[in-house]
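Student: Submitted below is the structure of interest, expressed as structure tokens.
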Amino acid sequence: MSATQTLRRTALNETMRKYGGKMVDFHGWELPIQFSGILKEHEAVRNSAGIFDVSHMGQVFVTGADAFKLLQQTNANDLRKATPGKGVYSHVTNEKAGLVDDIIAFCLAADRYLVIVNATTSTKDYEWFKTQGTKMHVKVENRSDDYSMVAVQGPNVPKMFEQFAPEALKLPRFGIVEKEIFGEHCFVSRTGYTGEDGFEVTAPHKIIVQVWEKMMELGKPYGIVPCGLGARDTLRLESGYLLYGQDVDDEHTTYESNYGWVVSLDKGDFIGRNILAAQKTDGVKRRLTGLTLSGGVPRPGCKVFMDGREIGTLASATYSPTLKKGIGVGYLTPADLKPGAALEVEIHGRRVPAEVSKVPFHRGTAFAKTLYTGA
Amino acid sequence: MPKAEEVKYTKTHEWLHLAGNEGTVGLSEHAQKEMGDIVFVELPKPGRKLEKDKPCAVVESVKSAFDIYSPLNGEVVAVNEAVSGDPALINQSPLEGGWLFKVKADNPAEAGALMDFAAYGDFLKQNAH
């Protein structure tokens, strides 16, 4: 990328600067890496409340009589789980069963879906849906440039929403409600990328600063803090969530990424199904496997060894503020390593003892059986 | 304990405080701020011979790793065990509780080539984006 190329800015750019965000280039977007510090932000989300600008995320609307058919055809998960007012986390698969993207498809009505896609893949996803839907009665619209998005995350966030959006408190995990906020049509969903309970508000640019400031006000009694990409990464990795482009891409399948629960082989045909069915029967040669270590901080790209032999490299890795040790995930072979198995990770040319861990590394309030529904 | 104005600085952001031929080495206030929360430190073993301008320790924050370069030729005579257990000391007080190691200088005059506080300040300004 040339130095003169201008970075894309979200509608919250000035607000991020006002709150002291340290801005960086994130895949062509100017976003804050941190505000008060990654550890403080991470802990605020785990223990109380934090707020993130996630306006770089994309919104693709799929509408029409064949909207369900198109999404069912292009996704590994079963869209029948997404009844009106609900969403489903899914993998959009290519013919090789690699991932076009990982997404959340929200069913707004039987013939109307909102698909939240990754920033770097929004155009690719839009074109993929358009191509696959050529012969269907369906309209695919990439509205990513029309919407901003904030994620408000943490165990105390539902209490903040008692005034702001009481109907959102009744939502199950992955539920969504359409709501007028500051005179504009918005979406509030019980979703996030941190492993804690909370909401994401998708809104037109013109009111997003108002939404942010309202959240800061409602969150004040809970010590809400603005959070950056740094905390977003440590929170999501502890929770075992995938980062598209780093943990998964067009060349890795859902089974390989250890997200087999996403695959619904019995829903009928979908793109890449035959390959996934074969992998289900035969197993996979490599699997995204978790590990922990105490003698250093592992980073993406670090080599992993077992019995002195290299068995893979780390896709994502960092220091875990919750576990207070290094954590990472990488595609390792053999694919059937058991938690506790002894490994080594090469850090700065030195081999540090590590062990296989189950993923998620930490289960926050988003994983709870029951969610807060109001006082 | 030294003040920021009393120590010498390297272009790689270490500080050095020399007393006779024994130097104490740490990470500058500027560097700790840039790195953010420090979560891991790997220090050299006492007795190790250090070469001037060669990496001899590693300081890691949540986001990045940072090599520490020896400001002098010499031998490690002490390390700060406290920062190994609590690396946040480097953020909290980089010139006091957060010192990294002490080196017995082969030739203390080598320190004369390092920057003083004012020169380091100018160096940071020149290198700011």
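The values are calculated or read from the model by the stated rules, or taken from the named source; none is laboratory data. Remember, predicted model here, so these are calculated numbers, not experimental data. Every residue, glycine as well, gets a Cβ built from its backbone with ideal geometry; the counts of neighbours run over all protein chains shown.
One line per residue, one yes/no per condition, for (1) touching a residue at least 40 places away in the same chain (Cβ under 8 Å); (2) under 23 Å from A:ARG299 (Cβ atoms); (3) touching an Asp or Glu at 6+ places or on another chain (Cβ under 8 Å):
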| site | (1), (2), (3) |
| --- | --- |
| B:LYS3 | yes, no, no |
| B:TYR9 | yes, no, yes |
| B:GLU14 | yes, yes, no |
| B:VAL41 | yes, yes, yes |
| B:ARG48 | no, no, yes |
| B:VAL58 | no, yes, yes |
| B:VAL76 | no, no, no |
| B:VAL103 | yes, no, yes |
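Yes/no matrix, rows are residues, columns are (1) surrounded by fewer than 21 Cβ atoms within 10 Å (Cβ to Cβ); (2) out of contact with any Lys or Arg (no Cβ under 8 Å at 6 or more places or on another chain):
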site: B:LYS45; (1), (2): yes, yes
site: B:ALA57; (1), (2): no, yes
site: B:VAL62; (1), (2): no, yes
site: B:GLY74; (1), (2): no, no
site: B:ALA78; (1), (2): yes, no
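Student: Any chance region A:260-278 includes a residue that's surrounded by fewer than 18 Cβ atoms within 10 Å (Cβ to Cβ) and assigned by TED's automatic domain parsing to the domain that holds A:LYS18?
Tutor: Looking for residues that are surrounded by fewer than 18 Cβ atoms within 10 Å (Cβ to Cβ) and assigned by TED's automatic domain parsing to the domain that holds A:LYS18, one finds none in region A:260-278, hence no.
Table: residues versus (1) away from every other protein chain (no Cβ under 14 Å); (2) modelled with pLDDT of 95 or more; (3) assigned to a loop (DSSP other than H, G, I, E, B).
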residue: B:CYS56; (1), (2), (3): no, yes, no
residue: B:GLU60; (1), (2), (3): no, yes, no
residue: B:ILE68; (1), (2), (3): no, yes, no
residue: B:LEU72; (1), (2), (3): yes, yes, yes
residue: B:VAL76; (1), (2), (3): yes, yes, no
residue: B:PRO87; (1), (2), (3): no, yes, yes
residue: B:ILE90; (1), (2), (3): no, yes, no
residue: B:PRO94; (1), (2), (3): yes, yes, yes
residue: B:LYS102; (1), (2), (3): yes, yes, no
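Student: Another question about this same structure. Are there any pairs with C-beta distances below 8 angstrom linking a residue in region A:228-239 that is within 9 Å of another protein chain (Cβ to nearest Cβ) to a residue that is crowded, with 21+ Cβ neighbours inside 10 Å and assigned to a helix (DSSP H, G or I), with the two at least 6 apart or on different chains, and if so which?
Tutor: A:GLY230/A:ILE38; A:GLY230/A:GLU41; A:ALA231/A:ILE38; A:ALA231/A:GLU41; A:ALA231/A:HIS42; A:ALA231/A:VAL45; A:THR234/A:ILE38; A:THR234/A:HIS42
Student: While we're here: Just to be sure before I move on: is A:GLY223 free of Cβ contacts under 8 Å to residues at least 40 places away in the same chain and surrounded by fewer than 20 Cβ atoms within 10 Å (Cβ to Cβ) in the structure I sent?
Tutor: Answer is no for this residue.
Student: Does A:LYS69 satisfy the criteria of being within 14 Å of chain B (Cβ to nearest Cβ) and surrounded by fewer than 21 Cβ atoms within 10 Å (Cβ to Cβ)?
Tutor: no
Student: Where residues in region B:1-43 are away from chain A (no Cβ under 14 Å) and β-branched (Val, Ile, Thr), which of them is surrounded by the fewest Cβ atoms within 10 Å (Cβ to Cβ)?
Tutor: Step by step, filter region B:1-43, then rank; the result is B:THR12.
Student: Need pairs with beta-carbon distance below 8 Å; first residue more than 8 Å from chain B (Cβ to nearest Cβ) and within region A:30-46, second surrounded by fewer than 23 Cβ atoms within 10 Å (Cβ to Cβ) and of a type in the set (Lys, Arg); sequence gap 6+ or separate chains.
Tutor: Sorted first by the residue in region A:30-46, then by its partner, the pairs are A:GLU30/A:ARG8; A:GLU30/A:ARG9; A:PRO32/A:LYS22; A:PHE35/A:LYS22.
Student: Quick check on region A:97-120: of everything there that is assigned to a strand (DSSP E or B) and among the β-branched types (Val, Ile, Thr), which residue is surrounded by the fewest Cβ atoms within 10 Å (Cβ to Cβ)?
Tutor: A:ILE104
Student: Could I ask something else about it? Could you tell me which residue of region B:22-47 is farthest from B:SER64 (Cα to Cα), considering only residues that are at pLDDT 95 or above and assigned to a loop (DSSP other than H, G, I, E, B)?
Tutor: Top of the filtered list is B:GLY47.
Student: Related question: Restricting to region A:217-247, name every residue that is among the hydrophobic types (A, V, I, L, M, F, W, C) and in a helix (DSSP H, G or I).
Tutor: A:LEU218, A:LEU229, A:ALA231, A:LEU235, A:LEU237, listed by residue number.
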